[in-house]
1. With respect to A:ILE73, is the statement that it is touching a helix residue (DSSP H, G or I) at 6+ places or on another chain (Cβ under 9 Å), within 24 Å of B:PRO142 (Cα to Cα) and modelled with pLDDT of 90 or more true?
2. Going residue by residue through the range A:392-405, is there one that turns out to be within 25 Å of A:THR64 (Cα to Cα) and touching a Phe, Trp or Tyr at 6+ places or on another chain (Cβ under 9 Å)?
3. Within the range C:118-140, can you find the residues that are surrounded by 16 or more Cβ atoms within 10 Å (Cβ to Cβ) and not hydrophobic (A, V, I, L, M, F, W, C)?
4. When residues of the range B:138-149 are filtered for being part of a helix (DSSP H, G or I) and either of a type in the set (Asp, Glu) or facing another protein chain (nearest Cβ under 7 Å) (or both), how many remain?
5. Criterion first (in contact (Cβ under 8 Å) with a residue 40 or more places away in the chain, closer than 14 Å to C:ALA307 by Cβ and within 14 Å of chain B (Cβ to nearest Cβ)) does C:LEU219 satisfy it?
6. Of the conditions (1) touching a Cys at 6+ places or on another chain (Cβ under 7 Å); (2) at pLDDT below 90, A:ILE143 satisfies every one except a single condition; which number is it?
7. Looking at the range C:52-94, which of its residues are more than 60 Å from the chain's Cα centre (by Cα) and either outside the structural domain of C:ILE112 (by TED's automatic domain parsing) or of a type outside the set (A, V, I, L, M) (or both)?
8. With the condition kept exactly as written, say whether any residue in the range C:288-302 is within 11 Å of another protein chain (Cβ to nearest Cβ) and either under 60 Å from the mean Cα position of the chain (by Cα) or crowded, with 19+ Cβ neighbours inside 10 Å (or both).
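The values are calculated or read from the model by the stated rules, or taken from the named source; none is laboratory data. Note that the coordinates shown come from a computational prediction; the quantities given were computed from them, not determined experimentally. Cβ coordinates were reconstructed from backbone atoms using ideal geometry, including for glycine residues, and neighbour counts include every protein chain displayed.
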Amino acid sequence: MNARARNAPFAPARLLGLLVAILAFSIPWIIHFHDLSEAGHRVFAIFLMAVVLWVTEAIPLHATAALIILLNILLASNVALIPLPKEDAAPAYTMYFNSLANPVLMLFLGGFFLADGAAKYGLDKNLARVLLKPFGTRPDRIILGLMVIAAVFSMFMSNTATTATLMAVVLPVAARLPAGDKGKIALVLCIPFAANIGGMGTPVGTPPNAIALGALNKAGLHVSFIEWMMMVVPFMVVLLVFTWFVLTRLFPSKAASLSIDIQSTFDRSPQARLFYVVAGITILLWFTEPLHGVQSSIVGFLPVVVMLATRLISDKEFHSMQWSVLWLVAGGIALGDGVAKTGLDKWLIALADWENMAPGMIAGAMCITALLFSTIISNSATANLLVPIGVTLAASPDVAISPLATAIFVALGSSLAMALPISTPPNAIAYSTGAVQTKQMATAGAFVAIAGLPLFIWVAPWLWSLMGLVK
Amino acid sequence: MNQILILCIEDESEVRDALVRDLAPFRPVFRIEAAEDAADARTVLREAEAAGDRVGLILCDHLLPGQRGVDLLIELHREPATRATRKVLITGQAGLDDTIRAINQAGLQHYIAKPWQPADLHAIVRNQLTDYVMANEEELLPYVSTLDGPRLLEALAKK
Amino acid sequence: MPGSEHPVFTDGLHLPEPELEARMIRELDAFLGHPPRRRLEAGALLFGEDVELDSLWILLDGQVRLFRTIQGQEVVFHSQTVGRIVGLLAFASRNRSFFACRAVTPVTLLEIRFEDLSRALESNPALLGLFSAVLLRSMARRNRRLVELQTEVLSLNQTLAAERDQLARTLRELQQAQALLVESEKMATLGQIAAGVAHELNNPIAAIARAADFLGQDLQRLAGSMPGGDVFREHLARTLAQKPTSTREQREARAQLARETGDETLASRMVEIGLAHKAELEEVARQLAQRPEQALETLAGFHQVGAALRNIERCARRITDLVQSLRSYARADEPDPRETDLREGLDDTLNLLAHRLREVEVDRQYGDLPPVSIRGGELNQVWTNLIVNALDAMKNRGRLVVRTEALPSGHMAVHIIDSGPGIPPEHKARIFDLQFTTRQGRVEFGLGLGLAISRNIVTRLGGTLTVESSPGCTDFCVTLPRTPPVRPVPQETTP
């Protein structure tokens, strides 16, 4: 695979994807479904097309998102090219555009600013250096330390950036291990796995979380930053420890000690100090939402304003931010809006007989579906497709599960997928080092998934209701 | 398949053999082509362009039949297709004037004296290709295991 | 004129000089009352220079000279041109002598005190005329003498300048000769070092060449003892004997194979190890009872070893040849002349200059030559200079003809012809000059020195070095006699 081949607009594989997408898109136009409104048909067409495009990546993920917004406006809004029948609800086209400014995106944007600042002022490496010290030099201890750091970082930074940063530190150490020392595999796998798991920990940790939060907000359920953390972090910690256990047992190192040399010193420039203060205040405000009541998305806008005004983030850095992630999330929200407002959701749910299913089974199915999907396709795309359905499902009176739990299950399920190099970018990074084979990654990844699923499906609802977070 | 090329230009077959073999560690990811003179190198470059391959690095001897290595590098540096290509002179015989010219006009990045040490050669090639890949490629991951992994990952983290 | 009231001093000028003088002396004698004559021996000093005088002398008989002492030497100003009257200048400048006066022969003088003379001249107008005339003649003579002297000085100066130039030229030539000596000394030292290095290289390179050969044999034997040995042995033998292929051919073969197999990686792997067709690989795989990919890898291993050995052997041979050339090139210090084929020296030189001949088409037009009796590599320096000059002129690119022929005269001719731009006519006359400058105590040689040295060597051997040049063809021609003269002919500096 290479950039140019991938960028050629009409490579054969891509053309095929587009073709299938068009076919999928045309199904609801050809086949008429009973009980589904005209608007529902149209959004269904868009939904099917989005599935194909997000799975095949025939066009970039965020382009699919933009396409969804456009098609929703052109086909299923009050300004549709072919007007919708009068009896159908025709959502205002601004609703779809508004998805681009969803509060969750603002929260995420705040996360970007903090992450970029941390990288710019070397805070990530410095923290890594400081945090790694107490873990000593024994390989399994070091691995635990790296996992803790990776998890903490990826709660606030993108999983990819976290993995790349830490992998750059770990690679020379891994290279020094003798050939055939399995510790090398553990060393290289622990970081992406921890980053994937850590991403679950906060609303800004990874896009699926934002998508879930966005859908919950639409459904009238507000989850604060700290509430999310309280719900997820315990499981995150358990999973982390389990993963550490699995990796160090599967791939024990023969080396008596390892030394990781992180070259960095704390940046004490005025700019860096200002950044530390801004980051500290932002995170503090996120954690204390129940005390002051200011929503995390609004808090997330604080670093955006301050860091732009004080030029902590330069124009160039501002331009090179990962805007595509925000577009991707927005596309998911727009898709969810369309699904919900046109009655497609209710029709979809009515397809199955939910009453005879145990609530746990439904939640489990969602989680497993998310896991399977996101093993192959992008986590965010998975969340985009599954969250709207899950939340609707949960909101329906026939089903006795909480929408909150369902949305979070989908988000967590999609983060749990780490069996293949293509599952997540962090996995791809680990694979690119050449130190780990797909089989080894799949084995370890399967262990994590198998441990994680029951934890979420059975333990989580019980614990959450015990904590009074879920009804 | 589109690949990044390493082009070795060296007229003595024994030296060429040795050079190509010393570049074996880069084989899995990069295509290694050899040319024996400037005209031949041009053919390789044309074919590469036709196939959609990019030339990441040129290792060029100075004393070539037909055209001097430095002159070839200067010409290639003026052409858009090979402007970004990293250029390394590998010779024992280029004089100071030629070398200065190569640095000023061909963007010469390195000078390897013959006989080379394989470790030096590897380090230089790895470095130059890492620079090239970082400057010209969107996907860095395919090169992490062959080139300077930490540098590529740090660049990736900043993206 | 006697009787005339106002005689003029020019009155006596029409008289012949002896008579004029005789009459003047007569008149003076008469006025002074025949005073006694004064006599001086030859060599006696009459008066010194810059002394007070109160009388002058009429020279009656014999010869005196007037001189001044300059830097301790008596410089004679007048001897033939003294005239009859001595002490004239003292008389004219009132009492101080300018010259000193010495008798050359025994002389007889009539001494007249200035006051007596004044009185005589005042009282005797005839005498005044006579005296004036003698005085004028005398002064005129002396004046002419001065002009002559001046002319003499001038021509002397010229001679002097010419001599000085000659001296400077000689000095320069001496310095150049010394530079030549230093240069040839340097060359001799370099030659000795080269010979020594060549000798030292001989052993290791022989050992390397032999070791490579042994390795090849051992490997063949080892390969033979392995399962499928014949395949390996055959492949190894083929690799060892393989001629270097051009990268063009390799690419073509690869493209061909890629079309045949549809697998570019496989194709390039096969071409690397010298398999031209898929059938060959399949045959090998069948013989080894392996899958084709496996067989390819196994063969590749043998191929790499074989190719490395082949390269060692080939390179060892090249070094051996170079060392050989270096040794025979550097034989300049052999004491005795021996029968030599000029073409060997030319070949050695060309071999050693191979690094500059890559872009040069070398055309060796060797005619039959009888052997010459010279000292080993004596002429190699000439060949080197001429070929290097030719390469410089062509900027290492073009056509170089090296032609040898036996001339009907019994001489032999060697032409070194380059396709460079030629020598500009205005420089042609000077290219064999010794041209060098001294700067900061270091002697820097221009192009000329090489040619000057070459001409020296050739001339010493009784030959000639000439050049004909036009744009695109510059022909340096060395002719040599069959046997060089026993005694070196005198060295020629500038033609």
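1. No.
2. Yes, some residue in the range A:392-405 is within 25 Å of A:THR64 (Cα to Cα) and touching a Phe, Trp or Tyr at 6+ places or on another chain (Cβ under 9 Å).
3. Once the filter is applied, which keeps residues that are surrounded by 16 or more Cβ atoms within 10 Å (Cβ to Cβ) and not hydrophobic (A, V, I, L, M, F, W, C), the range C:118-140 yields C:ASN124, C:PRO125, C:GLY129, C:SER132, C:ARG137, C:SER138.
4. 3
5. The answer is no for C:LEU219.
6. (2)
7. Within the range C:52-94, C:GLU52, C:ASP54, C:SER55, C:TRP57, C:ASP61, C:GLY62, C:ARG84, C:GLY87, C:PHE91, C:SER93, C:ARG94 meet the criteria.
8. No; the residues of the range C:288-302 include none that is within 11 Å of another protein chain (Cβ to nearest Cβ) and either under 60 Å from the mean Cα position of the chain (by Cα) or crowded, with 19+ Cβ neighbours inside 10 Å (or both).
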